[in-house]
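Report on the following structure.
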Amino acid sequence: MTDAPTIVIKGGRVVDPDGSRDADVVIEDGRIAAVGADLSADRTLDAAGCIVAPGLVDLHSHLREPGKEEAETVETGARGAALGGYTAILAMPNTTPAIDSAAVVRQVLELGRDAICDVFSSGAITVDRAGEQLAPMAEMAALGVRIFTDDGTGVQDNRLMRRAMEYAAGLGVTLAQHCEDDALCGGGHMHEGEWSARLGIAGQPAEAEELMVMRDIALARLTGCSIHFQHMSTARSVAMIRDAIAGGLPVTAEATPHHFTLTHADCRGYDPVFKVNPPLRTDADVAAVRAGLADGAIAAIATDHAPHAPETKELPFDQAPPGMLGLETALALALTELDLPIEQVLALLSWQPARIMGVDDLHGSLAEGRAANVCVIDPEATWTVDGEAMASRSRNTPYQGREVRGRVRHTVLHGEPVVVDTEPQR
Ligand code: DOR
C-alpha cells in the first residue's frame, strides 16, 4: 500500500469485456479496487452521462523517434494518444534507424517510460526493413516485443517471409504485415481506378494488397505462425481474411478509421492530406471494411497514425509522403461513422487489440485487481476536428473541420489521471 489518494470514477456506465452496467469504479494503488454502486474515495472524477471503459489500445502508431523528431516524438505521440483515450500504443519500426535490434527497442521503450500513455515497441522483421535478411527477432522478443512488422513496406520475398514465420512461430510472437506488392504498386500514389484515371495520378491496384494477403494466409497454413494483417483496405482482402478465420487459421486483421470513412474520390482536389498507404479505395471497399468490423472478420480498429511535417505534406500529390494523423480522432470517427453498439466499438478499439498485441494482462479490462488503465467517454459530446489544436507535432489530419460525436473526457494510466476534463495533467 502507498499513501496515494484513492480515486472514484463516479456516475458512469461501465463497459468492458464483462458487459455493461451502471457502476462507480474505485482505483487504489494503480489498480481497480472495486466496481459497484455508491462507492467513494479521496478524489472523484465525474463520469455522469459517460461511458467508463478500459483504455484504448492502438496496434499501429508511427511515433517518428528516433530520426524524424520534427514530425513527432514518442512524448508528443503518447500525449495525443492519451487525449484520444489510449492507454497503450504500439510504435511502428520505420524510424531512422529502424527498430530492428535490441538497442533501438531499448531506446524507444526508454523514450516512452515517462510518457502519459504506455508505449510498446514493435520490431522489424528484416534488417533495416530492407526485406533481405532476417532481423534478430529473438533479442527483441527477449525485451518483450510481441509484434514484428516491416510496416511502411511489406516483406516481398516469399521464401524470406516463410523463414520469418517459422522463426516467429518458434518464438511465440506474431508477425504483422503491411500488404503491398511493390512491383505492382511501383510509381502509384493512389488507388488505381476511376479517380486515378480522371486525375491523371498513377494508381496502385487493389490486387497489390490482395496478393500479399493471399500469400500470407497460405504461409500461415504452412508454418502455423500467427499473422496480423495491418490496415486492410479492400473488399477481397476482407473476404479472404473472413474465410481464413472460418478455416481455423491463426489470422487477425485491423482496419483504420480512414479506410472506413474516406474514399479515393476525396483525392479529387489533389490535396496530399488524403494520400496514404494503402490508398483510400472505393465505396464498395469502404462498405466491405465496415461489414468486416461488424461481423468480426476485422478484430481491431488501428490508427496508422502517421505524422508528417507540414512542409512535406505541402508538396505536390505525387511527391508528398503518404500518411495521416489518427490518434486524436479514431474513437470519435468510429462512434460517429460506424453503425455499431458502443460495446462493439470499444471491443474493436480496446480489448481485442490488447489481445492481439499481447498486452491484455495490463490493458483492456476493468475487472477488480487489474491495472487501472481507463478512459471515460462522453458519447454524446460533439466537437469539430482541428489539427491546430492537436498534441501532435504535425497537422496532417484529413478531417479538418469535420463535426464528430464522442469525446474523451478523462484518461487514467496505471491509476494516474493523465487527462482530466479533456486537459493533459502533465
Ligand atoms: O500512409 C502510410 N504512412 N502508410 C504506411 O504504411 C507508412 C506510413 C508512414 O510511416 O508515414
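Shape index of segment 107-163: Rg/Rh, with Rg the Cα radius of gyration and Rh the Kirkwood radius from the inverse mean 1/r over Cα pairs, equals 1.04.
Comparing 153, 382, 303 in a Gaussian network model of the chain where C-alpha atoms under 10 Å apart are linked, the largest mean-square fluctuation is found at 382. Between residue 126 and 131, 135, the built amide H atoms are under 5 Å apart, and every one of these is 5 or more places off in sequence or on another chain. D by Stokes-Einstein for segment 104-252, Kirkwood Rh over Cα pairs, 20 °C, 1.002 mPa s: 131 µm²/s. Placing a label point 7 Å from the Cα of residue 284 along the Cα-to-Cβ direction, the residues of segment 181-224 whose backbone N falls under 18 Å from that point are 191-198, 204-211. Rounded to the nearest 0.05, the FRET efficiency derived from the C-beta distance between residue 381 and residue 221 at R0 = 45 Å is 0.45. Remark: segment 379-424 carries a charge dipole of roughly 200 debye about the Cα centre, counting +1 on each Lys and Arg Cβ and -1 on each Asp and Glu Cβ. Scalar couplings 3J(HN,Hα) for segment 64-73, obtained by applying the Karplus form with A = 6.51, B = -1.76, C = 1.60 to θ = phi - 60°, are 6, 10, x, x, 10, 5, 5, 8, 5, 10 Hz; x denotes Gly and Pro.
Annotation: the residues 361, 24, sorted from fewest to most other C-beta atoms within 10 Å of their own C-beta, follow the order 361, 24. If you model segment 156-241 as an ellipsoid using its alpha carbon gyration tensor, with each semi-axis the square root of five times an eigenvalue, the axes come out at 29, 12, 9 Å, biggest first.
Here 63, 249 are placed in order of increasing Cβ neighbour count within 10 Å, fewest first, which gives 249, 63. Dimensions of segment 1-152 along the principal axes, based on C-alpha atoms and rounded to the nearest Å, stand at 59, 30, 29, largest first. Computed from backbone phi, the HN-Hα couplings of segment 395-411 come to 10, 7, 9, x, 9, 3, x, 7, 7, 10, 10, x, 10, 6, 9, 10, 10 Hz, rounded to whole numbers (Karplus: 6.51 cos²θ - 1.76 cosθ + 1.60, θ = phi - 60°; Gly and Pro given as x). Put in order of Cβ neighbour count within 10 Å, fewest first, the listed residues 20, 233, 226 become 20, 226, 233.
Extension gain for residue 40 to residue 156 (0.36 nm times residue separation, less C-alpha to C-alpha distance): 36.1 nm.
Calculated FRET efficiency, residue 198 to residue 166, Cβ-Cβ distance, R0 = 56 Å: about 0.80 to the nearest 0.05. Model label sites at residue 138 and residue 423, defined 7 Å from Cα along the beta-carbon direction, differ in position by 5.2 nm. Computed per residue of the chain from DSSP H runs no shorter than four, each worth -39500 (n - 2.57), the mean residue ellipticity at 222 nm is -8000 deg cm²/dmol.
Within the chain, DSSP assigns beta bridges of which about 50% are antiparallel (rounded to the nearest 5).
Per the Cα gyration tensor, the chain maps to an equivalent ellipsoid with semi-axes of 33, 24, 21 Å, ordered largest to smallest. Largest first and in whole Å, the equivalent-ellipsoid semi-axes of segment 257-360 read 26, 16, 11, each the square root of five times a Cα gyration tensor eigenvalue. Measuring spread by the Cα atoms of segment 305-426 yields a radius of gyration and Dmax of 16.2, 53 Å.
Taking Lys and Arg as +1 and Asp and Glu as -1, the other residues whose beta-carbon sits under 12 Å from that of residue 409 total -4. Applying D = kT/(6 pi eta Rh) to segment 341-382, where Rh is the Kirkwood radius over alpha-carbon pairs, T corresponds to 37 °C and eta to 0.692 mPa s, the Stokes-Einstein value obtained is 293 µm²/s. Taken one residue at a time, the phi angles of segment 12-28 give Karplus couplings (6.51, -1.76, 1.60, θ = phi - 60°) of x, 10, 7, 10, 8, x, 7, x, 10, 7, 6, 6, 8, 10, 9, 10, 9 Hz. Gly and Pro are set to x. Length available on full extension from residue 214 to residue 311: 0.36 nm per residue minus the Cα-Cα distance, which gives 31.2 nm.
Within the shell defined by Cβ-Cβ distances under 12 Å, the residues around residue 36 carry a net charge of -2, with Lys and Arg each +1 and Asp and Glu each -1. Residues whose amide H falls under 5 Å from that of residue 58, counting only those 5 or more places apart or on a different chain, are 88, 89, 90, with hydrogens built in the peptide plane.
Laboratory data are not the source of any read-out in this text; all were calculated from the coordinates shown. This is a predicted model, so every value here is computed, not measured. Ideal geometry is used to build each Cβ from the backbone, glycine not excepted, and the neighbour counts take in all protein chains shown.
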